[in-house]
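The values are calculated or read from the model by the stated rules, or taken from the named source; none is laboratory data. Note that the structure is a prediction, hence the values are computed from the model and not measured. Because the Cβ atoms are built from the backbone with ideal geometry, glycine has one as well, and the counts that use them run over all protein chains shown. Surface accessibility is based on the protein's heavy atoms, side chains included, excluding ligands, DNA and RNA. Shrake-Rupley method; radii C 1.70, N 1.55, O 1.52, S 1.80 Å.
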Amino acid sequence: MKLKPSLDWLLIFVPLAMLLRFWPGGISPTALFVCSALGIIPVAGWIGRATEALAARVGEGLGGLLNATFGNAAELIIAGIALSKGLTNVVKASITGSIIGNVLLVLGLSIVLGGTKYKEQRFNRTAATTSVTSLSLAAIGLIIPTIFHRAAHSSPAGWSPLVEQKLSLGIAVVMFLTYFCMLGFSLRTHKYLFRGAEEHEVTERQWSRRKAVIILLIATAFVAMLSEFLVGTIESVRDSVGLTEVFVGVIVVAIVGNAAEHSTAILMAMKNKMDLSVGIAIGSSLQIALFVAPLLIFLSYLFGRPMDLEFTVPEVVAVVVSVYILFQISADGETNWIEGIQLLSLYVILGILFFYLPEPAHTTP
């Protein structure tokens with residue numbers, strides 16, 4: 001019997017991470033970090049499958065809301081725990097990392113692997129353009145606090161962290177409301193434009209509502225536990241391996257949190273379902289920018305550690321160039337493998353930048 005490759009093979013790292021965490025005596029923080037990261041990937045995949053099965057049974061409107069809430073559950077949990085521990089640099093880096101990761105890494109791999117089987121692949125240009133335009137708005141919303149910080153910091157009046165937090169909170173509210181407008185547009189008033197992205201694997205729809213809820217709760221609990229392990233070792237790994245908080249957030253946390261969605265997008269592209277693949281990649285970035293980022297701002301106030309949306313200049317540039325190249329590639333409604341290589345090349349270039357980028361001089365209060 002031929003074994004089929006599956007993310008579920010990585011489930012072996014869940015008990016390994018628990019063993020490393022609770023084993024009395026010497027613990028290797030680096031080994032715990034790696035095992036926790038690899039363990040989160042398949043468990044996050046189960047959250048995604050349970051959410052899809054549940055969404056299919058409760059109707060489009062509520063289903064869309066469920067997808068929005070639990071579609072990025074892993075990223076939210078990891079970022080929420082990091083936020084509660086005061087690791088705001090990691091949290092903010094994971095926001096930009098998820099956006100560029102979905103746009104460049106996920107879509108790039110999807111286009112390359114799909115392009116090896118099909119010379120040209122087509123997708124719904126109108127739906128993609130609408131989503132990319134919304135993503136551009138989100139990018140602008142994330143850039144404004146950084147521009148404000150640079151301008152206000154150099155002005156004679158000086159710079160106030162409190163004003164910056166208020167600015168970020170106001171922008172977060174606007175972005176949050178915009179996301180629900182986007183949901184209404186894609187699920188209600190203009191859902192015919194997004195019809196190509198509504199297909200899902202039949203096997204995922206066969207779960208009963210009860211089974212989906214149970215799996216969702218269990219998987220979420222495991223992701224929370226593994227995220228606690230992961231975040232708890234970031235400081236040690238940073239010191240021992242030499243990785244900066246920004247690199248861990250932009251590259252490592254972003255890939256771990258999105259890996260399950262990544263695999264679905266790639267598999268769909270290899271089945272020539274490019275509409276779904278593009279929808280997952282761009283839609284995930286939109287959810288991060290318009291839903292997860294504002295939600296983390298709101299959560300930061302609950303934790304008593306108000307966070308702003310002021311990013312480093314390299315992070316801002318990374319988001320802008322990612323959205324720009326996405327505009328260029330999605331404009332004609334078709335892809336080929338060289339466009340995937342172009343997206344992946346940019347991701348690797350940005351990865352090298354963040355690897356060598358030193359820690360920022362300031363820390364967010």
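One table, with the values for the structure above:
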quantity	calculated
Sorted peptide list for 251-257, 275-281, criterion being average Cβ within 10 angstrom, highest first	275-281, 251-257
Ratio of Rg to Rh over the stretch 227-328 (Cα coordinates, Kirkwood Rh, two decimals)	1.01
Solvent-accessible heavy-atom area per residue, rounded to whole Å², over the chain at 1.4 Å	45
Among TRP207, TRP46, TRP23, residue whose mean-square fluctuation peaks in a GNM of the chain (springs only between Cα atoms under 10 Å)	TRP23
Relative packing of peptides 341-347, 100-106 - highest average C-beta neighbours within 10 Å first	100-106, 341-347
Accessible-area composition of the chain, carbon plus sulfur, in percent [1.4 Å probe]	68
Selected from PHE298, GLY80, PHE70, residue furthest toward positive end of dipole (the chain; charges at beta carbon)	PHE70
Cα gyration tensor category, rounded, prolate or oblate, for the chain with a/c compared to 1.5	rounded
Of the DSSP H helices in the chain, those whose Cα atoms cover at least 24 Å axially and whose Kyte score averages 0.0 or more	29-58, 125-153, 161-184, 209-241, 313-330, 337-356
Range of Cα positions in the stretch 91-191 per principal axis (Å), largest first	59, 33, 21
Stretch in the chain that is longest and holds no trypsin sites (Lys or Arg not before Pro) that DSSP places in a loop and that have at most 11 other beta carbons within 10 Å	120-365
Dipole of the chain [Lys/Arg +1, Asp/Glu -1 at C-beta], most positive-end residue of VAL248, SER6, GLY232	SER6
